[in-house]
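Trainee: What follows is a structure written as structure tokens; I'll ask about it next.
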Amino acid sequence: MPKQAIALLVHQNSDQVNTLIKLLEKDFDIYIHIDKKSTVNIEDIASANSWKKYKVKWGGYSMVQATVLLYNKILETGNPYTHIILLSADSLPVKSNSFIADYLSGNKGISFIENNGVSGIREERRALLWFNEDIKKKSLSNIIFRLIRRIQRKLNIKRSAKGFERIGSQWTILSLEHVKHLLEHCRFSDYWSMAVPDESFVQNHFFNYNIPYNENKIYAHWPEPRTHSPGFIDQQSFLSLVQSDYLFDRKFNTDLQIAYQYFNAQEADKDRASSR
């Protein structure tokens, strides 16, 4: 039985999703949430463990809901996984499945996350009121929400950010014990009226409960200055990451030939080694 589970958040491109599933399914159990707004249907995905429940809004609480749903579904199986790996569908492994599985099995009880202090404008993710909106979308309701926040700034009406001072990548590798602790003790309702809570609820939980963790093993290429989304990984970057300490990276476009070439070469090396 696989020793790790992968929680996969999907919103587009079933072909790319199925490619990632094909790369991972032999060695990991995969659980998938599909954005309810997406044209991707459950029957399009090559996995029996797929759900399409929440309309996921960029920067909204719905991203947390989709993540928590997958965590609960995984725990309901009762399988003794060492870790749950949260990935987006535009991610790829940069190590072999066996390397990843062995590495995590050897680090049972250890979680891998990015966790930084909040500063500047990001403090407003908690201090101001947000309405589970898609913060990148232009709509009448969003104009009204932005006006409310402008008034808050002008009148200095802000909430305390105490207990919510941490931030980091939402893509994490959490030990099963830490996922259980998160689901049992995190006050998720506190995050409904925050912006981009998917990048802070895990980080705040670990910090507030003094839970130890190691550096994140999922790489994302952020351009300078930092934008809403990471940049795409090219072939040169991918091959350099193969030699790094990372286990996964994102994000990739739909051309996944680079991954096929790398992993097919690895499989060929294994076959040659086993035939000696």
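Trainee: Past the 19 Å Cα-Cα mark, which pairs from Lys137/Lys251; Lys26/Lys108; Lys22/Lys95; Lys73/Lys180?
Mentor: On the way: Lys137/Lys251 21 Å; Lys26/Lys108 21 Å; Lys22/Lys95 15 Å; Lys73/Lys180 12 Å.
Table pairs above 19 Å Cα-Cα are Lys137/Lys251; Lys26/Lys108.
Trainee: To continue, here is another question. Under the definition of Cα pairs under 8 Å and six or more residues apart, what whole-number percent is the relative contact order of the chain?
Mentor: 22
Trainee: Give a residue-ordered list of calculated ³J(HN,Hα) values for segment 23-28 (Karplus: 6.51 cos²θ - 1.76 cosθ + 1.60, θ = phi - 60°; whole Hz; x for Gly, Pro).
Mentor: For segment 23-28, the Karplus curve yields 5, 10, 5, 5, 10, 9 Hz.
Trainee: Any chance you could check the Cα centroid distance between segment 163-227 and segment 1-43 for me, in angstrom?
Mentor: Computed from Cα coordinates, the inter-centre distance equals 21 Å.
Trainee: Going by amide H atoms built from the backbone, whose H comes under 5 Å of the H on Leu128, apart from near neighbours?
Mentor: Arg159
Trainee: Ok, one more. Sorting check: for 82-89, 211-218, which peptide has the highest mean count of neighbouring beta carbons within 10 Å, and how do the rest follow?
Mentor: Ranking, from highest mean packing down: 82-89, 211-218.
Trainee: While we're here: What list of ³J(HN,Hα) values in whole Hz, one per residue of segment 68-74 in order, does the Karplus curve 6.51 cos²θ - 1.76 cosθ + 1.60 (θ = phi - 60°) give from phi, with Gly and Pro shown as x?
Mentor: Listing the rounded values in order: 5, 4, 5, 4, 5, 4, 5 Hz.
Trainee: Now for a different question. I need the phi-derived Karplus couplings for segment 134-147: 6.51 cos²θ - 1.76 cosθ + 1.60, θ = phi - 60°, integer Hz, Gly and Pro marked x.
Mentor: Values, residue by residue: 7, 6, 8, 8, 9, 8, 4, 4, 5, 4, 5, 4, 5, 5 Hz.
Trainee: Continuing with this model, one more query. Under a 5 Å amide H to amide H cut-off, with H placed in plane at 1.01 Å, what residues pair with Asp249 once short-range neighbours are removed?
Mentor: Under 5 Å from the amide H of Asp249: Leu92, Val94, Tyr219.
Trainee: List the residues whose amide H sits under 5 Å from the amide H of Glu25, counting only those 5 or more places along or on another chain, with H placed 1.01 Å from N in the peptide plane.
Mentor: Under 5 Å from the amide H of Glu25 lies no amide H from a residue far enough along the sequence or on another chain.
Trainee: Using just the helices of the chain, give the 222 nm mean residue ellipticity in deg cm²/dmol: DSSP H runs with n ≥ 4 each add -39,500 (n - 2.57), and the total is spread over all residues, rounded to 500.
Mentor: Result for the chain: -11000 deg cm²/dmol, rounded to the nearest 500.
Quick note: the coordinates plus some simple rules give every number you see, no bench work behind them. Being a predicted model, the structure only gives us computed values, none of them experimental. All Cβ positions, glycine included, derive from the backbone under ideal geometry; neighbour counts span all protein chains shown.
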